[in-house]
Amino acid sequence: MRRLRGAAASPGIASGPSVHLVVAPRPAGRRITPAEAPAELERFREAVTVTAEALEELAARVVADGHPDEGAIFRAQAAMARDPALADLVEARIRDGGDAIDGLGAAAADLAGQLRDLGDELLSARAADVEDVAGRMIDVIAGSGPPPTLDRPSIVVADDLPPSLTASLPRERLLGLALESGSPTAHAAILARAYEIPAVVGIAGLLAALAATPGEDVQIIIDGDAGEVVLDPDETTAAWLRERTSAAALAADRALAEATLTAITRDGVEVTLLANIATPAESERAVALGAKGVGLFRTEFLFIERSTPPSEVEQVRAYRAVVEAFAPHAVTIRLLDVGGDKPIPYLPIPPEANPFLGVRALRLAPVRPDLFVTQLRAAMRAAAPRDGGPLGPLGPVKVMAPMIADATDTDVLLALADRARTELELEGVPHGPVILGVMLEIPSAILVGDSYFGRLGFASLGTNDLLQYTIAVDRGNSQLARYQDSLHPAVLRLVREAVERAERAGIELSVCGEMAGDPVAALALVGLGIQQLSMAAPSLAAVRRAIRGSDHATLEREALAALDQPSAGAVRDRFRALLPAG
């Protein structure tokens, strides 16, 4: 038996026979004569068309499976295949004496190298997309056979997997993924999470350990929660797996059974639990797990990895689907939140030294007000009563703007909403009321909240960025791990300030950052006066259980004491002790 550690990429535990999937090496290019160049240019252009069409078909299949975000990966790859910048590099190489395969190999190496040299994990992961697209085109030119597949249920072991191959593997036979390379932000990992396939990546020495394990079809266990892989498990480990699998099934059943329970403390204070979602497809699971509405509907999936912005009709469809899924509860739609860290072809943003502190989210409104007006129009149309009758079973629609710093930013939001509403009225387009609010991520937005909260219907604390901007910490930097706990007393003091200002203004206040989905931190938030928590659907059961097993009076007392603690760790220890047993 051999245990290996990697990075947790997709939760869950799986076991089964391993299959070492080897991606065949691509053929090498060759030198050509000037007379051969026209034919090579034609071979390349034909490969572009064939590859782009195949990727669009793959995107459609993934979307049809209920994964629009992941389908966008392959729409982006199709656009990449047709990218004039890639064509210029390949065609220049061909005119310089290389064949089409040589040109593609050189262009892919150049572009992927540039991405990796940026030193950003997310952009480095995108380099795999460049190589994937170029590899598919090379396969078309070389007339390569079909990609490797699975003939029976197996756990795939590989150095790494191109995204398109990952999506092409038969879902019913892919039990899990164990990769020696890769990262949790790579598209292979993203696809594994979308399809709920346990995965561990970045497992140093995996292939050598597999080769050194005697026998064929080596049994393997992967723990996508802990980031661990076990080769050739002994009976004790196999028994542990059976116990874990059984416990996980019981926990899932318990979560569904408790979904109808109210999140109320033992001394009678009720907390509303909401869901954070990124696509309409996530609605069904969130409702099943007991979410009483949506506290954060991220809308970026509609805007990214495409060459043109989404139409108003496309947005109405997406927003309406969520409003109807959660009726009669409220749905909070967040306006577009992009900047220099999320490049969008139709929204050129000059490079910034620190895009998280730059022109992003509502700060883009002076440059592209049309994007926000269209989005607000779509939200208002999604709020229209059914069949022109009373609002009936539909729930309220809320719209919140991120990256608000002060009252002037609120003026921008209100002006955009007025313009959207006026346009719809003049055009006679059916629409409904929306409740306007803001996302509190920047400390200044909280500290001057008294100057503008009264003009809004609600506010929501985005604790992920609030932590980042309060402690001056890059959340993606593993060397700064000790700072990356939202229970830092400075963050708690800001939460308390927000609660007091919201109460004075008479508006609702919720928390939609990851802090809300952490049962320990959730207790601290409730103690500080938060009565609406929004989180990823899988976190609902644990947070509900924590609240139902606690006394609000005790949480209030501990929260007050937490404001004077020396560190996040000290606060966490105090509230961890309050978690109910079981």
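Observations on the model:
- Cβ-Cβ under 9 Å pairs, at least 6 apart or on other chains, the range 203-226 side outside the structural domain of Arg244 (by TED's automatic domain parsing), far side surrounded by 19 or more Cβ atoms within 10 Å (Cβ to Cβ): none
- If you filter the range 253-308 down to residues that are of a type in the set (Asp, Glu) and assigned to a helix (DSSP H, G or I), you find that the one that is farthest from Arg544 (Cα to Cα) is Glu300.
- Among (1) touching a residue at least 60 places away in the same chain (Cβ under 8 Å); (2) within 23 Å of the chain's Cα centre (by Cα) - the single one Asn464 does not satisfy: (1)
- For Ala194, the criteria (1) touching a strand residue (DSSP E or B) at 6+ places or on another chain (Cβ under 6 Å); (2) over 21 Å from Ala24 (Cβ atoms); (3) surrounded by 20 or more Cβ atoms within 10 Å (Cβ to Cβ) hold in every case but one, which is (1).
- In the set Ile442, Ile507, Ile446, only one residue is touching a Phe, Trp or Tyr at 6+ places or on another chain (Cβ under 6 Å), more than 18 Å from Lys398 (Cα to Cα) and in the same structural domain as Asp409 (by TED's automatic domain parsing); that residue is Ile442.
- Meeting the requirement of 2 or more residues that are among the β-branched types (Val, Ile, Thr), the helices (runs of 4 or more DSSP H) wholly within the range 482-582 are 489-505, 519-527, 540-548.
- Filtering the range 551-570 to residues that are at pLDDT 95 or above and within 28 Å of Ala291 (Cβ to Cβ) leaves Asp551, His552, Ala553, Thr554, Leu555, Glu556, Glu558, Ala559, Ala562.
- The test for being out of contact with any Pro (no Cβ under 6 Å at 6 or more places or on another chain) and at pLDDT below 95 holds for Ile471.
The values are calculated or read from the model by the stated rules, or taken from the named source; none is laboratory data. On a predicted model such as this, the values are computed, not experimentally measured, just so you know. A quick note on method: Cβ atoms are made from the backbone with ideal geometry, for glycine too, and the neighbour counts reach across all protein chains shown.
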